[in-house]
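For reference, the structure is listed below as structure tokens.
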Amino acid sequence: MAIHTIYQIEAKLDDFQPVISRTILINAERSLAYLGYTLISAFGLEGSHLFGFQKSFELFNHQQSYYYFLPAMNLSGFVETDKQYNVMETNLNQFFSSSNLNNQLSFQYDFGDNWKISLNVESIETKAIFLHDIPTLIGGSGYGLIEDIGGNSGLHDYIEAFGSGDLDHYYQIFGNQLPYLRPFSLAIANEKLKPEISILKRQYEDNE
């Protein structure tokens, strides 16, 4: 059993009520790409869109931001080159470790639906652990997210329609196979987590 640094991270969907969140344990050596796959699975998404991370903080009354993207994303026309990094070449220690306590950290998925998830490091612990035990989810609340539903507003409208039974509009869009509105289950989420991470890693890194 080796010694590893373990991050406990609370991930919470921005600007949504009731709260949709997941709490993850993951080792610091993992890449940001791997954390991305973990978050995609934890929130019930499928990995059919691009994603990235952002670190922002105030410096001399001016906000500084750094961006971490997949290699396929070329945003040099929008982001300064020296502020753009590769999620596959950046590990969690590099992303989270900082002397600046005012960091605002976020994960963004699908730049059309624009899911934005804030990341808060709740604890950092160095201990002996078997790596096959992590990543793992230790908590969560709210529904899973739904691909191509229209982001926060689309998910809110779908939850409202599901509750009232007024789903005609969605049957017109999706046919008889309506997106599943999945409440969070810790047991189910952990059962699916590692197999889905493996699939997502192949999708994003090997184009399978």
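The values are calculated or read from the model by the stated rules, or taken from the named source; none is laboratory data. These numbers were taken from a predicted model, which means no experiment stands behind them. We place every Cβ from the backbone using ideal geometry, glycine too, and count neighbours over all the protein chains shown. In case anyone asks, the SASA skips ligands and DNA or RNA and just uses the protein heavy atoms, side chains included. Shrake-Rupley method; radii C 1.70, N 1.55, O 1.52, S 1.80 Å.
Less than 5 angstrom separates the built amide H of I149 from none of the residues sequence-distant by 5 or more or on a different chain. Look at the alpha carbon pairs under 8 Å that are at least 6 residues apart: their mean separation over the length of the chain gives a relative contact order of 30 percent.
Surface exposure of the stretch 92-208, expressed per residue as accessible area with a 1.4 Å probe, stands at 59 Å². The amide H of W115, built 1.01 Å from its N in the peptide plane, has Y109 as neighbours under 5 Å, considering only residues 5 or more places off or on other chains. Between (i) 25, 22, 15; (ii) 29, 21, 17; (iii) 31, 22, 21, which matches semi-axes √(5λ) of the Cα gyration tensor in Å calculated for the structure shown? Only one listed value fits the structure, namely (ii). Listed by chain and number, the lysines placed with their C-alpha closer than 22 angstrom to that of K12 are K55, K116, K192, K194; residues fewer than eight positions away on the same chain are left out. Within the chain, antiparallel bridges make up roughly 95 percent of the DSSP beta bridges whose residues both belong there. Here the accessible area is traced with a 1.4 Å probe on the protein chains. For the chain, carbon and sulfur cover 48 percent of it.
With the Cα gyration tensor of the stretch 119-208 giving a ≥ b ≥ c as the square roots of its eigenvalues, does the rule (a/c under 1.5 for rounded; else a/b larger than b/c for prolate; else oblate) give rounded, prolate or oblate? Write down the numbers at each step before the final one.
On the way: a/c = 2.70, a/b = 1.83, b/c = 1.48.
Since a/c reaches 1.5 and a/b is larger than b/c, the shape of the stretch 119-208 is classed as prolate.
Applying a DSSP loop filter and a limit of 13 other Cβ atoms within 10 Å to the chymotrypsin sites (Phe, Trp or Tyr not before Pro) in the stretch 81-185 leaves F111, F130, Y180.
Tell me the net charge near L32. Cut-off is 12 Å between Cβ atoms, L32 excluded, with +1 for each Lys or Arg and -1 for each Asp or Glu. Taking every Cβ under 12 Å from that of L32, the sum is 0. For the chain, the longest principal axis of the Cα atoms and the long axis of helix 186-206 meet at an angle of about 70 degrees. The listed residues D15, D133, once ranked by accessible area (1.4 Å probe) with the largest placed first, stand as D15, D133.
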